[in-house]
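Let me begin by presenting the structure, written as structure tokens, before commenting on it.
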Amino acid sequence: MHEAAKEILSGCGSDLCLDLRFMTRAVLSLERVLEDGRERPACDGHRIIMDPETVISDYRKDPNIVTRMIAHLTLHCLLGHGTPEDEYGSLAQDMIVEYVLDSLDTPHITVSGRDDRMYACEKYFKRAGGPVPELIAEELRSASQWQIGDLHRMFSHDDHGIRPDGTDPEWEELSKQAMVEVEGFSKNLADRTDGLMSILRIRNRRRYDYRSFLRRFMSTRNRVKENLDEFDYIYYAYGLQVYGNMPLIDSLEYSDTPGIEQFVIAIDTSGSTMRGPVMKFIEEAFEVLRISAPSAGAELHIIQCDDMVRRDDVVRCEQDMRVLMENFVLEGGNGTDFRPVFDHVERMREEGSLRELKGLMFFTDGYGTYPTRRPDYDTAFVFCEEVPKEHPVPPWAMRISIRPSDVA
């Protein structure tokens, strides 16, 4: 029995690699182990463990059942699914994995019930705001017991108790490799990989230090001022000594110094924005500006906007920042629309008050209406959220994801 089961697992693993080439490295990294009497298949990050009798029985019903189970167990690891806190978290993870497999719908992983599973997943994903286990689990907690039972029958087929931690470095690397390979996936499946790419982006998204990110907007320019670093006192004094009031060499009147001349911080003041993180974010943004732009004329525009621009505060010195922070109040509370800020900035540029604008960062924690045209300055959207989501940021904008604790 064991030999027959091993042969089945080997063949199904090969079929899976032929169907989904981006999973090949992950599949080959897992040893297939047979364990008599195991109730449900499981994976500990190194081994796929299955009951030989179940393998043979399922294969006789439909070979795709076995191939899909291997894919299911492998995807849990690729997507960083650790041991869930409760049954809702476990079910949420299974729904995400099954949704990916049903979306790919390749010859060796297709099994019956696809339409029902797709419908259930899309319904809960929409309610949750995205294919994120924590968000879906919250939605599932409000479902009735018979609904949960029905979902378990559709999606739950493996044991999650021995799975590796979601931050396992080996699987993080395999996940990044898979993501690169999915991006170059065969054209005949390109339209089916959108859901998988969305989930992999969330899984592999870096948490940025926005302070370092802000410094990327610094630019080098010639500043007309005495450059004491390159001033040679010896030749200068020698010239005065020999020629009277005529120095032999004069000091340079310029220096290449990195700095930000003008910058815009836009704050989404819709109802869910938190005052504390906003204030901390502004303070640290000003500190970066103050350090990087020591010359006179550097300024930071702080624009508050929900569905319209509420106010525009200009900070040029520490006194301006102190006054702003002492009297800071979030103005707004309506829905989010990013366009009024860009229109406001464009008017100031046309009027000449923002001629040296280097970039704009939009601090937000939700969705909004984006401009359709790309501005000719760098733009980044900073999403402050505990659980990362796949926000539909335009391709011309940069995306930064931070936790509330990063700016607390």
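The values are calculated or read from the model by the stated rules, or taken from the named source; none is laboratory data. Computed from a predicted structure; not experimentally measured. So basically every Cβ, Gly included, is an ideal-geometry build from the backbone, and we count neighbours across all protein chains shown. Ligands, DNA and RNA are stripped out before the accessible areas are found, and what is left, the full protein with its side chains, is counted by its heavy atoms. Shrake-Rupley method; radii C 1.70, N 1.55, O 1.52, S 1.80 Å.
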Quiz item: In the range 94-128, how many residues are free of Cβ contacts under 8 Å to residues at least 60 places away in the same chain and part of a loop (DSSP other than H, G, I, E, B)?
Solution: 4
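What is the residue count in the range 134-146 for residues that are assigned to a helix (DSSP H, G or I), open to solvent by less than 60 Å² (accessible area, probe 1.4 Å) and free of Cβ contacts under 8 Å to residues at least 24 places away in the same chain?
Total satisfying the criteria: 1.
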Quiz item: Quick one: in the range 341-354, which of the residues that are outside any helix (DSSP H, G or I) and free of Cβ contacts under 8 Å to residues at least 24 places away in the same chain is farthest from the chain's Cα centre (by Cα)?
Solution: Gly352
Quiz item: Can we say Gly368 is within 23 Å of the chain's Cα centre (by Cα), in contact (Cβ under 8 Å) with a residue 24 or more places away in the chain and open to solvent by less than 70 Å² (accessible area, probe 1.4 Å)?
Solution: yes
Exercise. State all residues of the range 16-48 that are of a type outside the set (Lys, Arg), buried (at least 16 other Cβ atoms within 10 Å of the Cβ), more than 15 Å from Asp158 (Cβ to Cβ) and in contact (Cβ under 8 Å) with a residue 60 or more places away in the chain; if no residue qualifies, say none.
Key: Leu16, Asp19, Leu20, Phe22, Met23, Ala26
Quiz item: Pro131 fails exactly one of the following numbered conditions: (1) open to solvent by 10 Å² or more (accessible area, probe 1.4 Å); (2) part of a helix (DSSP H, G or I). What is the number of that condition?
Solution: (2)
Quiz item: Does any residue of the range 7-15 turn out to be modelled with pLDDT under 95, assigned to a loop (DSSP other than H, G, I, E, B), buried (at least 19 other Cβ atoms within 10 Å of the Cβ) and not polar (S, T, N, Q)?
Solution: no
Quiz item: Quick check, is Ile65 of a type in the set (A, V, I, L, M, F, W, C), closer than 22 Å to Gln93 by Cβ, outside any loop (DSSP other than H, G, I, E, B) and open to solvent by 20 Å² or more (accessible area, probe 1.4 Å)?
Solution: yes
Quiz item: Which members of the range 106-128 meet the condition of being open to solvent by 20 Å² or more (accessible area, probe 1.4 Å), over 20 Å from Asp158 (Cα atoms) and more than 19 Å from the chain's Cα centre (by Cα)?
Solution: Pro107, Asp115, Tyr119, Glu122, Lys123, Arg127
Practice problem: Please state which of the following conditions Thr83 fails to meet, knowing it meets all the rest: (1) under 17 Å from Pro164 (Cβ atoms); (2) open to solvent by 30 Å² or more (accessible area, probe 1.4 Å); (3) free of Cβ contacts under 8 Å to residues at least 60 places away in the same chain. | Solution: (3)
